[in-house]
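To keep things clear, I will list the structure first and then write my remarks on it.
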Amino acid sequence: MSSKRQRTRLKILDSALRLLVERGYHGVGMEEVARDAGVSRQALYLHFQSKAELLVAMAQYNDEKINVPEFVRLKQETNTALEALDSGVQAYGVIEPQIYEVASIVYSARRSDEAAEAAWQDRLAFRRGNIRRVIERLDLEGRLAEGWTVDEATDFAWALLSMHTYEHLVVERGWPIEQFVGRLSLMLKKVIVAPREGVND
């Protein structure tokens, strides 16, 4: 992609990100995004053939801006599964506030748009896959609590580390992010991590 074309694409994505966060998915049309980005409607459609395609690209762009892949990589570079679990919850506490507004837009659009639904499911699968890798490590290291399967523990952690949990407790109830992350970490350790005799993790 030429540098001029890339610059145009980024201008469109920046405009879409701002407008959609301000007004929601159904409150913004493609013409408004084009006008705000200073490009013609035709130029916009050269980059994105539909509003849903623009939405998906915008969500990916937002992830790249806050470097989600790097957070995930750092989480996995730990000595033990318990450290990976702690690191993962900490990363969630950093990432979720930065992606919440965009994730909410994708979530609301998914009911009426197949592409948005596919983007939402992709995001859920990405998060679940990362959580499962940590749970598998817990199991391999003998730290998965008795009575839990890898699938069940993955589902439980995935549900706790969701946009909805963040929304209910931080956005709606006003929990400070430090309290939120601390409580999640404590609950996961108490419920799905097997204690080591004589050791307080």
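Below are the figures for this structure:
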| read-out | value |
| --- | --- |
| Rounded to 10°, Cα long-axis angle of helix 177-192 versus longest principal axis of the chain | 50 degrees |
| Whole-angstrom Cα spans of the stretch 133-201 along principal axes, big to small | 37, 27, 17 |
| Furthest towards positive pole of dipole, ILE192, SER50, ALA81, structure part the chain, Cβ charges | SER50 |
| The stretch 54-201: relative contact order as a whole-number percent, Cα under 8 Å and 6+ apart | 25 percent |
| Computed Kirkwood radius, in angstrom, where 1/r is averaged over Cα pairs of the stretch 64-192 | 15.3 Å |
| Zero-based 10 Å bins, Cα pair distances in the stretch 3-49, whole percents | 30, 58, 12, 0 |
| Spin-label pair TYR45/ASP139, simplified geometry with 7 Å Cα→Cβ offset, distance in nm | 5.0 nm |
| VAL21, VAL33, VAL170 arranged by Cβ crowding within 10 Å, fewest neighbours leading | VAL21, VAL170, VAL33 |
| Dipole moment magnitude, nearest 20 debye, the stretch 112-181 about Cα centre, only Lys, Arg, Asp, Glu C-beta charged | 260 debye |
| Cα-based equivalent ellipsoid, the stretch 3-153: semi-axes from gyration tensor eigenvalues, Å | 37, 16, 12 |
| Low-density loop cleavage sites - trypsin sites (Lys or Arg not before Pro) in the stretch 136-174, where at most 13 other Cβ are within 10 Å (DSSP) | ARG173 |
| 5 angstrom amide H check on LEU144, placed H, neighbours 5+ away | ASP139, ALA194 |
| Most fluctuating residue given options LEU184, LEU44, LEU140, as computed from a GNM of the chain linking Cα atoms under 10 Å | LEU140 |
| Within the chain: Cβ-based charge dipole about Cα centre, in debye rounded to nearest 20 (Lys, Arg +1; Asp, Glu -1) | 740 debye |
| Lysine pair number, Cα distance threshold 21 Å (strictly under), the chain, separation 8 or more or different chains | 7 |
| Calculated from backbone phi, Karplus (6.51, -1.76, 1.60) coupling profile of the stretch 98-106 in Hz, x at Gly/Pro | 7, 10, 4, 4, 5, 4, 5, 5, 4 |
| R0 of 41 Å, Cβ-Cβ distance GLU178-ALA118: FRET efficiency to nearest 0.05 | 0.75 |
| Sum of -39500 (n - 2.57) over DSSP H runs of 4+, divided by residues of the chain (222 nm, nearest 500) | -24000 deg cm²/dmol |
| Semi-axis lengths (Å, descending) of the ellipsoid that matches the C-alpha gyration tensor of the stretch 119-172 | 23, 14, 8 |
| Cα-based helix-to-principal-axis angle, 114-140 vs the chain, degrees rounded to 10 | 20 degrees |
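Bear in mind that the values in this text are calculations on the coordinates, not laboratory data. As the structure is a prediction and not an experimental result, all values here were calculated from the model. Ideal geometry is used to build each Cβ from the backbone, glycine not excepted, and the neighbour counts take in all protein chains shown.
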